[in-house]
């Protein structure tokens, strides 16, 4: 079961754990304030082949609904697009 977030939705969360799974599975990318390569969100992202960047301080306050961002899971970067 997934949650329909809409097309091209990037999920920005304070942390990830098993309770976030339905939301994460509906995302096209994940940005998390806390976590690393072995965090739940990173593992879910890898298994479902969606980009994820973990350990972005204050991500939930830096990004707003509707902003366009580029998430590069290989480089570990998040870029705000204008």
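Just so it is clear, none of the values below were taken in a lab; they were calculated from the coordinates. Here the structure is a predicted model, which is why all the values come from computation and not from measurement. Methodologically, a virtual Cβ is constructed for each residue, glycine included, from the backbone with ideal geometry; neighbour enumeration extends over all protein chains shown.
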Q) Between residue 28 and residue 77, what length comes free when the chain is fully extended (0.36 nm per residue of separation minus the Cα-Cα distance, one decimal in nm)? A) 16.1 nm
Q.
Test of understanding: ordering 62, 70 by Cβ neighbours within 10 Å, fewest first, what list do you get?
A. 70, 62
(Q) Could you work out the pair-distance distribution P(r) of the range 26-82 from its alpha-carbon pairs, with 5 angstrom bin width and percents rounded to whole numbers? (A) 4, 20, 33, 26, 13, 3, 0
Q: Would you calculate, for the chain, the mean residue ellipticity at 222 nm contributed by helices, counting each DSSP H stretch of 4 or more residues as -39,500 (n - 2.57) and dividing by all residues, to the nearest 500?
A: -4500 deg cm²/dmol
Q. Roughly what % antiparallel, to the nearest 5, for the DSSP beta bridges in the range 10-81?
A. 45 percent
Q) Using a basic spin-label model with each label point 7 Å from the Cα along Cα→Cβ, how many nm lie between residue 47 and residue 8? A) 2.8 nm
